[in-house]
Amino acid sequence: MDDRRTQLRARLGRIGVWSFALQANSLPPVRDALASYERQGYRSVWFPESIGSKEAFAHAALLLGANERLVVGTGIANLYARDAHAMALGGRTLAEAYPGRFVLGIGVSHAPSVATRGGVYGKPIEQMRAYLDAMDAAPWVGPEADR
């Protein structure tokens, strides 16, 4: 396990780019931005998932397909936006398609955002713990990929 963590840290780089602008622009300027990040020496790019933004897995797939080297991470994918099974399978699908290049960052969001979606904000640690357990229990028929 430590070896995999060390490898992931190396792939991510010491500093990455987190940008909401990746949500707000169409693919051609985003592709240019990703190329610029690579030229500047960044190894990873992160984006948020919020009300009105692109869906996290679809957006990650666009970003991963728009470059060949950057690690793409959700910062964060909202656990209130999809059930644990969908989160687990979405993450595994991207990990399979882009080995070593996708990091699934999951978070509990904020109470106002959850309420906007019609949800009820729970106790964050309890909510996350139960969600991660449900993700681990999700059946998967695809090839085994890094989690």
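The values are calculated or read from the model by the stated rules, or taken from the named source; none is laboratory data. Every value quoted in this text rests on a predicted model; they were computed, and no experiment measured them. FYI the Cβ positions are ideal-geometry reconstructions off the backbone, even for glycines, and counts take in every protein chain you see. These accessible areas exclude ligands, DNA and RNA; they are computed on the full protein's heavy atoms, side chains included. Shrake-Rupley method; radii C 1.70, N 1.55, O 1.52, S 1.80 Å.
Table for the structure above
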read-out	value
Pairs where the first residue, in the range 75-101, is in contact (Cβ under 8 Å) with a residue 24 or more places away in the chain and at negative phi and the second is among the acidic types (Asp, Glu) and in a loop (DSSP other than H, G, I, E, B), C-beta under 6 Å, 6+ apart	Ala77/Glu49; Asn78/Glu49; Ala95/Asp146
Residues within the range 100-111 that are open to solvent by 30 Å² or more (accessible area, probe 1.4 Å) and more than 13 Å from the chain's Cα centre (by Cα), tallied	2
Which numbered condition Asp146 misses (of (1) at pLDDT below 95; (2) open to solvent by 40 Å² or more (accessible area, probe 1.4 Å); (3) under 18 Å from the mean Cα position of the chain (by Cα); (4) within 20 Å of Lys54 (Cβ to Cβ))	(4)
Unique residue being hydroxyl-bearing (Ser, Thr, Tyr) and farther than 21 Å from Arg14 by Cα when the list is Ser36, Ser53	Ser53
Among residues of the range 1-48, those that are part of a helix (DSSP H, G or I), modelled with pLDDT under 95 and open to solvent by 70 Å² or more (accessible area, probe 1.4 Å), counted	9
Of all residues making up the range 49-59, the number that are assigned to a helix (DSSP H, G or I) and either open to solvent by 20 Å² or more (accessible area, probe 1.4 Å) or touching a helix residue (DSSP H, G or I) at 6+ places or on another chain (Cβ under 6 Å) (or both)	2
Close pairs (8 angstrom Cβ cut-off, 6 or more residues apart or separate chains): in a loop (DSSP other than H, G, I, E, B) in the range 136-147, open to solvent by 90 Å² or more (accessible area, probe 1.4 Å) anywhere	Ala145/Pro99; Asp146/Arg4; Asp146/Pro99
Residue list for the range 76-99, restricted to those being open to solvent by 20 Å² or more (accessible area, probe 1.4 Å), of a type outside the set (Lys, Arg) and in a loop (DSSP other than H, G, I, E, B)	Ile76, Tyr80, Ala81, Asp83, Tyr98, Pro99
The range 102-128, residues that are under 14 Å from Ser50 (Cα atoms) and assigned to a strand (DSSP E or B)	Ile106, Gly107
Condition broken by Leu22, with the remaining ones in (1) over 24 Å from Leu79 (Cβ atoms); (2) touching a helix residue (DSSP H, G or I) at 6+ places or on another chain (Cβ under 7 Å) satisfied	(1)
Ala35 being under 11 Å from the mean Cα position of the chain (by Cα) and in contact (Cβ under 8 Å) with a residue 12 or more places away in the chain	no
Sole residue being within 18 Å of Val30 (Cβ to Cβ) and without any contact (Cβ under 8 Å) to a residue 40 or more places away in the chain, chosen from Gly52, Gly122	Gly52
